[in-house]
Amino acid sequence: MSHSHSATVADAPPRRAAPMPPRRRNAATRRQHRAAYLFILPFFAVFLTMLVAPLVYAGYLSFFESRLIGGEQFAGLANYTRAFADPNFWGGLGRVALFLVIQVPIMLGLALFLALALDTGRARGSRTIRLLIFMPYAVPAVIATLMWGYLYGPDFGPLAQIARGIGWGTPDFLSPGSILGSMMNIVTWEFIGYNMIIMYAALRAIPMELYEAAEIEGAGQFRIAWSIKIPSIRPAILLTVIFSIIGSFQLFNEPSLLNAIAPDAITNSFTPNYYAYNLAFINRELNYAAAIAFLLGLLIAVVSYVVQLGEQRRERRDRKGLR
Amino acid sequence: MRKSRSTAVVLLGGTAVLGLVLTGCTGGTGGGGEAQGEITQEDIDAAMETPTELTFWTWVPDIDQQVAMFEETYPEIDVTVENVGQGLPHYQKLRSAIEAGEGAPDVAQVEYQYIPSFVLSESLLDLAPYGADDISDDYVEWAWNQVSPDEAVWAIPQDVGPMGNLYREDILATAGITEPPATWEEYAQAAQAVKEATGSYISNLGATQAGQMIGFFWQAGVKPFGYDGAETVTIDVNSDEAKAVADYWTQLIQADLISTDVDFNDEWYQGLANGKYAGWLTAAWGPVFLQGTAEGTSGLWRAAPLPQWEEGENVSGNWGGSSDAVLATSENPIAAYVLAEFINHDQESAMSLATEQFLFPPQVSVLEDPAFVDLKSEFYGGQEVNKLFAEISETVDTDFQWLPFMDYVYSSYEETMGTQIAAKGDIAAALDAWQDQLVSYAEDQGFTVE
């Protein structure tokens with residue numbers, strides 16, 4: 001199908017000309033195809049060697065079992081059945097699921113609010129504010145987590161000192177019970193600006209006429225936001241939702257770095273990704289780690305797909321409703 | 001469309017085959033360098049006069065100094081020093097290089113407790129035929145046993161960490177304690193007095209610091225680990241002796257006389273500097289480390305041996321320390337051996353490691369050198385701290401072994417013991433959980449557990 005299309009564009013006759021003689025056309029097409037393949041070759045080379053090959057290799061590894069004594073042998077689905085019965089894996093999944101349902105709505109809600117607020121153009125110095133909100137995203141995760149580790153510190157951390165100063169006692173942000181909440185806070189701080197920028201960019205693309213019409217009808221800012229702006233940027237919001245789902249399931253940096261500050265609160269299986277890493281590099285169970293990583297990838301794909309599907313259904317329903 | 005799909009299948013199939021080939025290659029890593037005849041002095045002389053390039057992986061700061069001394073003695077040998085990370089990252093890269101079959105260094109720093117894991121994978125060269133046998137008497141016995149549990153010699157000892165007690169004389173004096181506690185019982189009483197009089201903890205037990213706890217076990221004569229160099233391991237972390245140590249700490253922690261903050265982070269550094277902790281039960285590398293951490297308290301600290309379980313006893317344990325090993329894959333084993341030996345055995349080099357990098361020496365000659373032992377330290381009120389730790393070093397139990405999977409042992413310690421210590425729970429019960437995890441891991445990995 002891409003055949004005829006690209007050919008007509010390239011030949012670009014002023015008006016739809018009579019079909020060319022078949023032979024000439026074939027030669028031109030072939031030449032173009034060759035060029036096209038050449039152009040995408042670098043991509044495919046990198047894609048195959050850097051993405052597909054390791055993936056296939058990891059998949060292959062997940063069907064084996066390697067022991068320190070006795071070496072490697074084929075294990076079939078044993079690693080997968082082990083994962084299904086592994087409370088550590090499920091515990092980690094439960095933790096990221098909890099993270100997902102609490103942190104993501106808060107972060108995206110705030111990001112949307114900020115994007116809408118900036119979009120009204122009423123805030124003074126909106127450009128500076130935008131930059132300030134976005135800045136945490138530019139801070140490397142390593143530094144961000146170390147910084148928060150200091151802020152959360154029970155003895156000399158400013159938060160603890162303020163709390164003690166007003167007589168609230170010493171809050172323990174790094175205990176096993178509160179570390180997930182502390183981590184939600186870090187991730188929200190890190191990614192709120194990133195999500196806000198996506199939403200803000202989508203808001204700027206809404207045609208002005210819609211607002212003029214609404215204003216003539218006497219709609220206030222809240223009404224405009226609710227009935228025009230939010231529905232118009234729904235695809236952008238969906239994008240941030242899916243990014244956030246993937247990000248939550250793949251949480252790794254924060255637990256890995258916070259482990260240096262609160263190793264008693266961050267277990268090895270705190271998140272599935274962190275668990276896979278520890279399995280591979282500490283327990284030296286590379287094969288099992290590969291199986292865990294594969295299951296996690298599958299789960300992310302399914303959840304993202306379901307979310308997208310739900311949104312598409314809803315869109316179709318809405319369109320029907322309009323008609 | 002159809003065509004492209006079939007190409008994809010072929011490509012995928014191809015990479016799978018490639019995967020097979022790759023794993024096929026990782027099987028053998030070259031034997032452990034046994035069954036070679038004795039290396040003669042002529043062999044060594046010939047090798048040291050041949051232009052050779054060596055790679056040396058270590059994280060010891062400023063080791064370039066000692067490497068320069070080596071290169072001066074052996075001008076034909078060119079050594080490249082690489083720091084690929086400290087601790088776990090270093091070992092991970094080392095293992096990856098060994099498994100990949102290329103990229104491994106000739107000589108690598110290995111902490112004592114990780115030697116068995118590399119012996120297990122047959123990655124280390126037995127240095128005995130190269131002459132390492134002849135220098136065994138130049139090292140304190142327990143340190144030599146760490147690199148040479150039987151006939152083979154797997155590495156040359158570089159530094160050690162016999163344990164002692166660093167404490168704030170001024171804080172203890174405020175609580176009416178003028179002599180460092182000689183027994184653990186006295187230590188517990190002192191902890192009570194210090195807490196009541198000053199609000200300080202007499203010391204901190206790092207919640208997840210396995211090395212410190214294992215050092216206490218070592219002192220108490222507990223033998224938690226054993227490895228026969230082949231397929232049999234002994235795991236006994238929850239023996240009665242170990243539980244007695246655990247109960248002691250449980251009581252102090254539950255009475256809030258010992259803090260359980262995670263160590264080696266900013267909060268902990270500040271705690272040492274501002275008197276939150278009136279002491280630190282640490283190793284021979286601790287005194288200099290503390291000097292850098294708690295500068296403002298210079299002159300207030302003193303060093304003493306660890307408190308004892310029985311009055312009149314004089315025993316200690318070890319925490320930390322490293323050795324230099326030669327990889328079995330090295331193409332220049334003789335030159336590699338001479339490098340590992342020179343750095344840690346040559347008097348000038350060993351002396352500079354002790355006095356400039358402040359690595360606590362296992363070499364008898366340095367431990368007896370007045371320039372090292374008679375050094376008075378201002379930070380410790382003019383005390384001869386090196387002399388004290390040199391004496392402690394002679395009291396370390398000579399027979400302590402490790403498991404060939406200490407990465408897992410430590411991580412499992414964090415999970416079981418670390419969480420219990422942090423939660424001020426029952427440490428002895430956590431020992432049972434730790435034991436269970438270790439045994440089940442060892443069995444899963446195919447070891448025979450005794």
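What about A:MET135, is it buried (at least 16 other Cβ atoms within 10 Å of the Cβ) and over 30 Å from B:ASP261 (Cβ atoms)? First the steps, then the outcome.
Details: buried (at least 16 other Cβ atoms within 10 Å of the Cβ): no; over 30 Å from B:ASP261 (Cβ atoms): yes.
No, not satisfied.
Select from region B:278-314 the residues that are closer than 21 Å to B:PHE360 by Cβ and among the aromatic types (Phe, Trp, Tyr) and write down the one among them that is farthest from the chain's Cα centre (by Cα).
Residue satisfying both the conditions and the ranking: B:TRP301.
Assess whether A:ILE166 counts as being closer than 22 Å to B:ASP261 by Cα, without any contact (Cβ under 8 Å) to a residue 12 or more places away in the chain and β-branched (Val, Ile, Thr).
Working: closer than 22 Å to B:ASP261 by Cα: no; without any contact (Cβ under 8 Å) to a residue 12 or more places away in the chain: yes; β-branched (Val, Ile, Thr): yes.
Answer is no for this residue.
May I ask you to list the residues in region B:433-450 that are of a type in the set (Val, Ile, Thr) and either within 9 Å of chain A (Cβ to nearest Cβ) or surrounded by 19 or more Cβ atoms within 10 Å (Cβ to Cβ) (or both)?
Of the residues in region B:433-450, the ones of a type in the set (Val, Ile, Thr) are B:439, B:448-449.
B:THR448, the sole residue that qualifies.
Among the helices (runs of 4 or more DSSP H) confined wholly to region A:221-323, which include 3 or more residues that are in contact (Cβ under 8 Å) with a residue 12 or more places away in the chain? Break it down stepwise before answering.
Details: elements: A:221-224, A:234-249, A:253-261, A:272-281, A:286-322.
The helices (runs of 4 or more DSSP H) meeting that bar are A:234-249, A:253-261, A:272-281, A:286-322.
What's the number of the condition A:LEU180 fails, among (1) among the hydrophobic types (A, V, I, L, M, F, W, C); (2) more than 17 Å from A:GLU254 (Cβ to Cβ); (3) more than 14 Å from every other protein chain (Cβ to nearest Cβ)?
(2)
Quick grid of which residues meet (1) modelled with pLDDT under 90; (2) within 12 Å of chain B (Cβ to nearest Cβ):
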| site | (1), (2) |
| --- | --- |
| A:GLY149 | yes, yes |
| A:GLY169 | yes, no |
| A:ILE186 | no, no |
| A:TYR194 | no, no |
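Suppose we filter A:LEU77, A:LEU114, A:LEU51, A:LEU108 for residues that are out of contact with any Pro (no Cβ under 7 Å at 6 or more places or on another chain), buried (at least 17 other Cβ atoms within 10 Å of the Cβ) and modelled with pLDDT under 95; which single one remains?
On the way: A:LEU77 fails: buried (at least 17 other Cβ atoms within 10 Å of the Cβ); A:LEU51 fails: buried (at least 17 other Cβ atoms within 10 Å of the Cβ); A:LEU108 fails: modelled with pLDDT under 95.
Going through A:LEU77, A:LEU114, A:LEU51, A:LEU108 in turn, the sole match is A:LEU114.
Return the residue satisfying two criteria in turn: it lies in region A:250-286 and is within 23 Å of A:PHE173 (Cα to Cα) and among the hydroxyl-bearing types (Ser, Thr, Tyr), and of such residues it is nearest to the other protein chains (Cβ to nearest Cβ).
Filtering region A:250-286 down to residues within 23 Å of A:PHE173 (Cα to Cα) leaves A:250-275.
From what is left, the residues that are among the hydroxyl-bearing types (Ser, Thr, Tyr) are A:256, A:267, A:269, A:271, A:274-275.
Values: A:SER256: 12, A:THR267: 6, A:SER269: 9, A:THR271: 15, A:TYR274: 12, A:TYR275: 11 Å.
The selected residue is A:THR267.
Among the numbered conditions (1) surrounded by fewer than 22 Cβ atoms within 10 Å (Cβ to Cβ); (2) within 12 Å of another protein chain (Cβ to nearest Cβ); (3) more than 19 Å from B:VAL409 (Cα to Cα), tell me where A:TRP226 comes up short.
Failing condition for A:TRP226: (2).
Which condition number does B:TYR130 fail, the rest of (1) more than 21 Å from the chain's Cα centre (by Cα); (2) surrounded by fewer than 24 Cβ atoms within 10 Å (Cβ to Cβ) being met?
Single failed check for B:TYR130: (2).
What tally of residues in region B:261-280 results from selecting those that are of a type in the set (Gly, Ala, Ser) and within 9 Å of chain A (Cβ to nearest Cβ)? Show your work before the answer.
Initial filter on region B:261-280 (of a type in the set (Gly, Ala, Ser)): B:271, B:273, B:275, B:278-279.
If we keep only those that are within 9 Å of chain A (Cβ to nearest Cβ) too, we end up with B:271.
Of the residues in region B:261-280, 1 are of a type in the set (Gly, Ala, Ser) and within 9 Å of chain A (Cβ to nearest Cβ).
Regarding region A:89-96, can at least one residue be identified that is assigned to a helix (DSSP H, G or I), among the charged types (D, E, K, R), more than 14 Å from every other protein chain (Cβ to nearest Cβ) and farther than 26 Å from B:ASP407 by Cβ? Lay out the reasoning, then the answer.
Of all residues in region A:89-96, those assigned to a helix (DSSP H, G or I) come to A:89-96.
Those left that are additionally among the charged types (D, E, K, R): A:95.
With more than 14 Å from every other protein chain (Cβ to nearest Cβ) added as a condition, the list becomes A:95.
After this cut, where a residue has to be farther than 26 Å from B:ASP407 by Cβ as well, the list is none.
No, region A:89-96 contains no residue that is assigned to a helix (DSSP H, G or I), among the charged types (D, E, K, R), more than 14 Å from every other protein chain (Cβ to nearest Cβ) and farther than 26 Å from B:ASP407 by Cβ.
Give me the residue from region B:284-324 that is more than 10 Å from B:ALA182 (Cα to Cα) and of a type in the set (S, T, N, Q) and, out of that set, modelled with the lowest pLDDT.
Restricting attention to region B:284-324, the residues satisfying the condition of being more than 10 Å from B:ALA182 (Cα to Cα) are B:284-303, B:315-324.
Narrowing further to those that are of a type in the set (S, T, N, Q): B:291, B:293, B:297-298, B:316, B:318, B:322-323.
Values: B:GLN291: 92, B:THR293: 89, B:THR297: 94, B:SER298: 94, B:SER316: 96, B:ASN318: 96, B:SER322: 96, B:SER323: 97.
Going through the qualifying residues, I end up with B:THR293.
Give the residue, chosen from B:TRP184, B:TRP144, B:TRP154, that is of a type outside the set (Gly, Ala, Ser) and within 30 Å of B:GLY382 (Cβ to Cβ).
Only one candidate passes the filter, namely B:TRP184.
Given the criteria part of a loop (DSSP other than H, G, I, E, B), of a type in the set (Val, Ile, Thr) and surrounded by 20 or more Cβ atoms within 10 Å (Cβ to Cβ), does B:VAL194 qualify? So that I can check it myself, show each step before the final result.
Numbers: part of a loop (DSSP other than H, G, I, E, B): no; of a type in the set (Val, Ile, Thr): yes; surrounded by 20 or more Cβ atoms within 10 Å (Cβ to Cβ): yes.
In short, no.
Here is a list of conditions, (1) at pLDDT below 95; (2) within 14 Å of chain A (Cβ to nearest Cβ), and B:PHE400 meets all of them except one; can you say which number that is?
In the conditions (1) at pLDDT below 95; (2) within 14 Å of chain A (Cβ to nearest Cβ), B:PHE400 misses (2) alone.
Given region B:45-162, what helices (runs of 4 or more DSSP H) lie entirely inside it while holding 1 or more residues that are without any contact (Cβ under 8 Å) to a residue 12 or more places away in the chain and closer than 24 Å to A:ILE69 by Cα? Let's see the steps before the verdict.
On the way: elements: B:64-73, B:88-100, B:115-120, B:141-147.
The qualifying helices (runs of 4 or more DSSP H) are B:88-100.
Residues in region B:405-420: is at least one away from chain A (no Cβ under 14 Å) and not small (Gly, Ala, Ser)?
no
The values are calculated or read from the model by the stated rules, or taken from the named source; none is laboratory data. Quantities reported herein were computed from a predicted structural model and do not represent experimental measurements. Neighbour counts run over all protein chains shown; Cβ positions are idealised from the backbone, glycine included.
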